[in-house]
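Since the structure comes first, as structure tokens, the remarks are kept for the end.
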Amino acid sequence: MSIRERLSGNEAVATAMKQINPDVVAAFPITPSTEIPQYFSTFVSNGTVDTEFVAVESEHSAMSACIGAESAGSRAMTATSANGLSLMWEMIYIASSLRLPIVLNLVNRAVSGPLNIHCDHSDAMGVRDSGWIMLFSENNQEAYDNNLMAHRIAENKNVQLPIMICQDGFITSHSIENIELEEDSEVKKFVGEYKPEHYLLNKKEPIAIGPLDLQAYLFEHKAQQADAMKASKQVILDVSKEFETWTGRHYSLFEEYKLEDAEIAIVCMNSTAGTTKAVINKLREQGIKAGLLKIRVFRPFPGEEVAKALNHLKSIAILDRADSLNAIGGPLFEDITSNMYIAGVNVPVVNYIYGIGGRDTTEKELESVFTDLMEISSSGKVENPYRYLGLRRKEAK
């Protein structure tokens, strides 16, 4: 039976880590993820877990220690944000190429510079092609639940890839919400023990980790990574179904909120989905058929499924909390529109860059997006597909 509690997003993640009781946690503090290893270190010091906690000298070292631990056959976890993830960048690619199912909690924050410690998704988008599974969390409950499912997904024999659990810095990481926790014993039963097939400390099978991989083999190894990422989609669905049977909480590749009969819709990720739902409720009372598609699984990207879910709409707004700085829209916009094209879905689409550096995105601003969508639906035309939401300057004519 679930336990009712009130926790911040960081506390919720640390609690999940305590219940999982990994073999190794290596971490270096950086705002706004610092509280995760801080809370967890108290569980280590008071003997609640028997995890080896490694306080390292940098985030590069944190990921290196996790790689070493997983290579040796241990279950490893860590947490970071923004510039810390940037410092891990070299090791992020090595972790995925070595097929190590490390779990990293990324508390999303703007990457410098200029220096900013508040939320946007530029850190996650900087590693979106690094070979990590990426799950996004609207609220504290989802951050907790995604952690409980993470090892089951990453350690699956058909996957064997690291996984990143994202939540919005300060917005959910430091905000206290009601949450349902599961019993420690039930969590351990669901997550199970880690039993790697190949690892350095297996004296019966001497192996090398991270050897030189030149022209003769690297291409094939990268294709194997791509195949594993494709396979992870079904594994995510299977684990989510088991999780629902256990807890009653339903998760899929994405969430459709009042989308079935909608005529206009927003697509977004993380905490903005909650504000969007509130706006949709108001618009529905006015007879406006507005809806939401909230992306939960960003890698592997469920392109075919997203295109199908959006097929019936008259117009769509895709919200990116990061700009690719490429003059043709944000990363979520690019992924969705390319898959719509492949699927032959021809619906007018507009992109909004929003919330950079923690800028608040209000209900009023989201209402303006739906107003724009109604105009686009009427005309069938998108005059300017690349827009900003909440930016304090006049748009160029």
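The values are calculated or read from the model by the stated rules, or taken from the named source; none is laboratory data. Treat the numbers as computed from the prediction; the structure is a model and nothing was measured. Virtual Cβ from ideal backbone geometry, glycine too; neighbours counted across all protein chains shown.
For region 73-87, the set of residues classified as part of a loop (DSSP other than H, G, I, E, B) and within 23 Å of the chain's Cα centre (by Cα) consists of Arg75, Ser81, listed by residue number.
Restricting the search to region 6-50, which residues are part of a loop (DSSP other than H, G, I, E, B) and farther than 17 Å from Asn146 by Cα? It would help to see each step written out before you state the result.
Within region 6-50, the first condition is being part of a loop (DSSP other than H, G, I, E, B), and the residues that meet it are 21-23, 28-34, 46-50.
Once the filter is applied, which keeps residues that are part of a loop (DSSP other than H, G, I, E, B) and farther than 17 Å from Asn146 by Cα, region 6-50 yields Asp23, Phe28, Pro29, Ile30, Thr31, Pro32, Thr34, Asn46, Gly47, Thr48, Val49, Asp50.
Matching residues to (1) crowded, with 20+ Cβ neighbours inside 10 Å; (2) part of a helix (DSSP H, G or I); (3) at pLDDT 95 or above:
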site	(1), (2), (3)
Tyr341	no, yes, yes
Val345	yes, no, yes
Ile353	yes, no, yes
Gly357	no, yes, yes
Leu366	yes, yes, yes
Ser378	no, yes, yes
Val382	no, no, yes
Tyr388	no, no, yes
Leu391	no, no, yes
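Only residues that are hydrophobic (A, V, I, L, M, F, W, C) and in contact with a strand residue (DSSP E or B) (Cβ under 6 Å, 6 or more places away or on another chain): list them for region 124-152, please.
Kept after step one, since they are hydrophobic (A, V, I, L, M, F, W, C), are these residues of region 124-152: 124-125, 127, 132-136, 143, 148-150.
Ala124, Trp132, Ile133, Met134, Leu135, Phe136, Ala143, Ala150, listed by residue number.
For region 305-335, filtering for residues that are crowded, with 21+ Cβ neighbours inside 10 Å and either closer than 20 Å to Asp261 by Cα or not assigned by TED's automatic domain parsing to the domain that holds Val382 (or both) leaves 7.
Filter region 100-113 down to residues that are assigned to a loop (DSSP other than H, G, I, E, B) and under 19 Å from the mean Cα position of the chain (by Cα) and give me whichever is surrounded by the most Cβ atoms within 10 Å (Cβ to Cβ). Filtering first and then ranking leaves Arg109.
Glu70 falls short on exactly one of the conditions (1) part of a loop (DSSP other than H, G, I, E, B); (2) more than 26 Å from Ile117 (Cβ to Cβ), and that condition is (1).
Within region 262-279, residues that are closer than 12 Å to Ile318 by Cβ sit with their Cβ atoms under 7 Å from residues that are of a type in the set (Ser, Thr, Tyr) and surrounded by 24 or more Cβ atoms within 10 Å (Cβ to Cβ), at 6+ positions apart or across chains, in these pairs: Ile266/Thr276; Cys268/Thr276. When you scan region 146-169, do you find a residue that is assigned to a strand (DSSP E or B), farther than 15 Å from Glu70 by Cα, over 14 Å from the mean Cα position of the chain (by Cα) and in the same structural domain as Gln225 (by TED's automatic domain parsing), even just one? So far as region 146-169 goes, no, none of its residues is assigned to a strand (DSSP E or B), farther than 15 Å from Glu70 by Cα, over 14 Å from the mean Cα position of the chain (by Cα) and in the same structural domain as Gln225 (by TED's automatic domain parsing).
Please find, among Glu180, Glu197, Glu90, Glu193, the residue that is part of a strand (DSSP E or B) and surrounded by fewer than 17 Cβ atoms within 10 Å (Cβ to Cβ). Talk me through it step by step, then tell me what you get.
On the way: Glu197 fails: part of a strand (DSSP E or B); Glu90 fails: part of a strand (DSSP E or B); Glu193 fails: part of a strand (DSSP E or B).
Matching residue, one of Glu180, Glu197, Glu90, Glu193: Glu180.
Looking for whichever is assigned to a helix (DSSP H, G or I), within 24 Å of Pro302 (Cα to Cα) and of a type in the set (Lys, Arg) here; the options are Lys188, Lys230. Which one fits? Write out each step before concluding.
Values: Lys188 fails: within 24 Å of Pro302 (Cα to Cα).
It is Lys230.
Within region 344-392, restricting attention to residues that are more than 25 Å from the chain's Cα centre (by Cα) and polar (S, T, N, Q), the residue that is nearest to Ile171 (Cα to Cα) is Ser368. Answer yes or no: is there a residue in region 46-62 that is surrounded by 24 or more Cβ atoms within 10 Å (Cβ to Cβ) and either touching a residue at least 40 places away in the same chain (Cβ under 8 Å) or among the hydroxyl-bearing types (Ser, Thr, Tyr) (or both). No, region 46-62 contains no residue that is surrounded by 24 or more Cβ atoms within 10 Å (Cβ to Cβ) and either touching a residue at least 40 places away in the same chain (Cβ under 8 Å) or among the hydroxyl-bearing types (Ser, Thr, Tyr) (or both).
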